[in-house]
Amino acid sequence: MARKQVAVFASGSGSNFEAVAHQAANGAGGAASSYEVALLVCDKPGAYAMERAARLGIPVLAVRPKDYPSREAYEADVVRELRARDIDFVVLAGYMRLITSTLLEAFENRILNIHPSLLPAFPGLRAVEQALAYGAKVVGVTVHYVDGGMDSGAIIAQEALPVEPGDTAETLYPRVQQVEHRLYPAVVRAFAEDRIRLDGRSVTFEGGLD
Ligand code: GRF
């Protein structure tokens, strides 16, 4: 089976981008991977994600949304680039903007996101800080389909982890990211292998996540 072509969108550090790309390069258990990260789309020129891409030998599309007259015009240009590269699906990894119908319709049910909370708790920015401020005893990670809302699409996978006494965002977030770096590549792989089914808001898997 041909490897699926994946575009990762990132605005910041890109550690999830690297985790997803790393698994693609290594495959599972030495087997050829089911997908290839063919492109990094970065809307913050200078973001560390771009340095990671250079190191990994992954092409970068650096874009400046503010150079476009509208969000739709910006996304239409990005969609053209994705189509030119035969991209099969899109993985958002710390991409700090809401998607419009232009991208959503071009890649219907083919856009994934990761969020550092157990959604629907604590959507939006600084989710780990929000959870700590609320006094949550358990936090976690959610991978979900993207729709037009803020972290509101159908949930694909979640993993919880405990808050330890005395935790601050500085001590807790690295543990959350460790979970992210394991969970996201596993979900992307299952998605590339067509093992994830969406029916309304209900998501089912064929086989497991590894
Ligand atoms: C992650 O915590 C992810 O859940 C959220 O943005 C962060 C991106 O981190 N959507 P990184 O750039 O992948 O390190």
* Structure fact -> Filtering the range 42-60 down to residues that are within 17 Å of I99 (Cα to Cα) and in contact with a strand residue (DSSP E or B) (Cβ under 8 Å, 6 or more places away or on another chain) yields C42, D43
* Condition met for V176 (open to solvent by less than 20 Å² (accessible area, probe 1.4 Å) and either within 12 Å of the ligand (Cβ to nearest atom) or modelled with pLDDT under 95 (or both)) -> yes
* Structure fact -> Scanning the range 63-82 residue by residue, the ones that are open to solvent by 50 Å² or more (accessible area, probe 1.4 Å), of a type outside the set (D, E), under 15 Å from R97 (Cα atoms) and outside any loop (DSSP other than H, G, I, E, B) total 2
* Exactly one condition in (1) loosely packed, with under 15 Cβ neighbours inside 10 Å; (2) part of a helix (DSSP H, G or I) is not met by E18; state its number. => (1)
* Identify, by number, the condition in (1) away from the ligand (no atom under 15 Å from the Cβ); (2) farther than 23 Å from Y145 by Cβ; (3) not basic (K, R) that F89 doesn't meet. => (2)
* So which strands (runs of 3 or more DSSP E) stay within the range 149-210 end to end and still have 1 or more residues that are touching a residue at least 60 places away in the same chain (Cβ under 8 Å)? -> 196-199
* Asked: Within the range 112-140, which residues are part of a strand (DSSP E or B) and free of Cβ contacts under 8 Å to residues at least 40 places away in the same chain?
  -> H115, V138, V139, G140
* Structure fact -> Scanning the range 186-210 for residues that are surrounded by 15 or more Cβ atoms within 10 Å (Cβ to Cβ) and of a type in the set (A, V, I, L, M, F, W, C) gives A186, V187, V188, A190, F191, A192, I196, V203, L209
* Could you list, in sequence order, all residues of the range 143-160 that are open to solvent by 20 Å² or more (accessible area, probe 1.4 Å) and within 15 Å of the ligand (Cβ to nearest atom)? => V146, G149, M150, D151, S152, I155, Q158, E159, A160
* Structure fact -> Counting only residues that are within 14 Å of the ligand (Cβ to nearest atom) and open to solvent by 10 Å² or more (accessible area, probe 1.4 Å), the range 122-138 contains a total of 7
* Residues located in the range 123-138, provided they are closer than 24 Å to I196 by Cβ and out of contact with any Asp or Glu (no Cβ under 8 Å at 6 or more places or on another chain) -> A127
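The values are calculated or read from the model by the stated rules, or taken from the named source; none is laboratory data. Computed from a predicted model, the values in this text were never measured in an experiment. So basically every Cβ, Gly included, is an ideal-geometry build from the backbone, and we count neighbours across all protein chains shown. The area values use the complete protein model at the heavy-atom level, side chains included, leaving out ligands, DNA and RNA. Shrake-Rupley method; radii C 1.70, N 1.55, O 1.52, S 1.80 Å.
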